[in-house]
1. How many of the residues in segment 53-69 are under 15 Å from residue 107 (Cβ atoms) and part of a loop (DSSP other than H, G, I, E, B)?
2. Residue 19: among the β-branched types (Val, Ile, Thr), within 18 Å of the chain's Cα centre (by Cα) and modelled with pLDDT of 65 or more, yes or no?
3. Within segment 114-131, take every residue that is part of a strand (DSSP E or B) and of a type in the set (D, E, K, R) and give me the one that is surrounded by the most Cβ atoms within 10 Å (Cβ to Cβ).
4. Going through segment 83-113 one residue at a time, which ones are assigned to a strand (DSSP E or B) and loosely packed, with under 13 Cβ neighbours inside 10 Å?
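The values are calculated or read from the model by the stated rules, or taken from the named source; none is laboratory data. Quantities reported herein were computed from a predicted structural model and do not represent experimental measurements. So basically every Cβ, Gly included, is an ideal-geometry build from the backbone, and we count neighbours across all protein chains shown.
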Amino acid sequence: MSITESGATQEAPEGRVMIGLEAVQASEDEAWHEGAARAARAAGQNESVPLKRVVIATGTVDGRITRVDRGALHVRDGEGNVYQLRIDKRSRGLRQGQRVPVQQLEEGTPVRASFDLVGGGSFARDIEVRR
């Protein structure tokens, strides 16, 4: 779904993904995220960025940490959905505005995590510890 400039919502036709105000579809021989990354890269007019590094969308999830691995953080939201957020050098843990190593965050900790959907994976950006 996308919101137009007038505030109306716009649904993507079946089999397509909304990128801004455009409904795009991957060719049959590519994964949906590759088609979405290709469309997002084309919309941004920056052909030098590899598809696996193109930000397709950004999001935020409020929930509790269910698992911390070496390269990923798992967050369960209030509806029971689990988000696997990969950790990279841009991922930051924050507690009361102070940086903390992501690996020090523990299971059961309430968080608000922002993330980028990039080339088929979700990468954690700011993981804020909530009270």
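1. Here is the first cut: in segment 53-69, the residues under 15 Å from residue 107 (Cβ atoms) are 63-69.
Retained after the next criterion (residues that are part of a loop (DSSP other than H, G, I, E, B)): 69.
Qualifying residue count for the region: 1.
2. In short, no.
3. So in segment 114-131, the residues part of a strand (DSSP E or B) come out as 114-118, 121-129.
Okay, now just the ones that are also of a type in the set (D, E, K, R), so 116, 125-126, 128.
Working: 116: 21, 125: 17, 126: 16, 128: 17.
That would be 116.
4. Let us first name the residues in segment 83-113 that are assigned to a strand (DSSP E or B), namely 83-86, 92-95, 98-100, 110-113.
Once the filter is applied, which keeps residues that are assigned to a strand (DSSP E or B) and loosely packed, with under 13 Cβ neighbours inside 10 Å, segment 83-113 yields 98, 99.
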